[in-house]
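Here the structure is laid out as structure tokens; the discussion comes afterwards.
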Amino acid sequence: MAAILKRLGALTLIIACALPASMKPAPALTAELAKKCRSLALKSQPYRRAGTAKGTAQAQRDYYRECIAKEGKMEGADQPPPDTTSPDATHH
């Protein structure tokens with residue numbers, strides 16, 4: 001019984017030490033990062049008119065969360081968003 005408790009204690013200690021080492025710390029959320037990611041989210045997912053088939057709120061939130069997780073280093077952030085306002089944007 002004592003041997004089982006020793007092994008269980010050792011296993012618990014190993015897991016307790018290894019778990020924090022494998023976890024990636026969350027990026028520090030600063031006002032500057034939040035503003036940058038909000039701006040990028042709005043550029044990437046601009047508002048659409050009410051009544052369109054697909055809304056943009058969830059897409060904006062998803063983009064914002066991804067931007068925060070990547071500390072503002074988003075691919076294609078320096079490129080202009082596609083023009084979705086013209087009627088010919090989807091009919092090429």
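Provide the net charge surrounding Q45, with neighbours chosen by a C-beta distance below 12 Å and charges set as Lys +1, Arg +1, Asp -1, Glu -1. Provide the component values of the computation, followed by the final result.
On the way: positive: R38, K43, R48, K54, R61; negative: D62, E66.
Local net charge: +3.
Among the lysines, select those whose C-alpha is under 27 Å from the C-alpha of K73, and discard any that sit fewer than 8 residues away in the same chain.
K73 reaches K24, K35, K36, K43, K54.
With the crude spin-label approximation of a point 7 Å out along Cα→Cβ, what separation in nm comes out for L33 versus T52?
3.0
Where a number appears in this text, it was derived from the coordinates with a stated rule and is not lab data. Please read these numbers as outputs of a predicted model, since none were measured by experiment. Cβ sites come from the backbone with ideal geometry, for glycine too, and all protein chains shown count toward neighbours.
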